[in-house]
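Here is the structure we will look at.
The values are calculated or read from the model by the stated rules, or taken from the named source; none is laboratory data. Since the structure is predicted, the reported quantities are computational estimates derived from the model, not experimental observations. Neighbour counts run over all protein chains shown; Cβ positions are idealised from the backbone, glycine included.
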Amino acid sequence: MEAFQLKDLPALRELYLQVRKATFTWLNTSHYHLESYDTDTQGEYTLVAFIGDVIVGFISAYEPDNFIHHIYVHLSYQKMGVGKLMVDAMLQQLKTPITLKCLQANQAAIAFYKKCGFVQKKKGISVEGIYIIFEYR
């Protein structure tokens, strides 16, 4: 696990685009682009997960709010513990309480966050659907 470096940018853009399109099947993903990574993570602290020299995931957070914004694991490396390692590493960087938001339709992510010790605090609605705010203390 390493902090983001500029050399990681092309691989992170590709990973972000591929995983978003594969995950958010209930949304219109036609407006997702490689450069979306840049704008969607701007101003965030990012940790990058590697297996050897291969980038297999990343997690980013907006530190002033202790808010985890993105957790993405390459499709070929999901369900291998990469996500949990990234969450554990980010929990060490942030102050509690730590929050994150997840679309209710993303049931796999909800189960994962609960497994990591996050608890549901409230629900809301956005243009993408109902979301849940989770908190870790």
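Counting only residues that are within 23 Å of ASP88 (Cβ to Cβ) and of a type in the set (Ser, Thr, Tyr), which one in segment 1-36 is nearest to the chain's Cα centre (by Cα)?
Here the answer is TYR16.
Quickly run through segment 125-137 and pick out the residues that are in a loop (DSSP other than H, G, I, E, B) and without any contact (Cβ under 8 Å) to a residue 60 or more places away in the chain.
Those that are in a loop (DSSP other than H, G, I, E, B) and without any contact (Cβ under 8 Å) to a residue 60 or more places away in the chain: VAL127, ARG137.
Under 6 Å between Cβ atoms, which residue pairs at least 6 apart in sequence (or on different chains) link something in segment 104-124 that is within 21 Å of THR25 (Cα to Cα) with a partner that is outside any loop (DSSP other than H, G, I, E, B) and at pLDDT below 95?
Listed pairs, sorted by first residue: ALA105/GLY129.
Only one of these conditions is not met by THR99: (1) in a helix (DSSP H, G or I); (2) crowded, with 16+ Cβ neighbours inside 10 Å; (3) not aliphatic (A, V, I, L, M). Which number is it?
Exception for THR99: condition (1).
Do the conditions hold for ALA105, that is, is it surrounded by 13 or more Cβ atoms within 10 Å (Cβ to Cβ), at negative phi and assigned to a loop (DSSP other than H, G, I, E, B)?
yes
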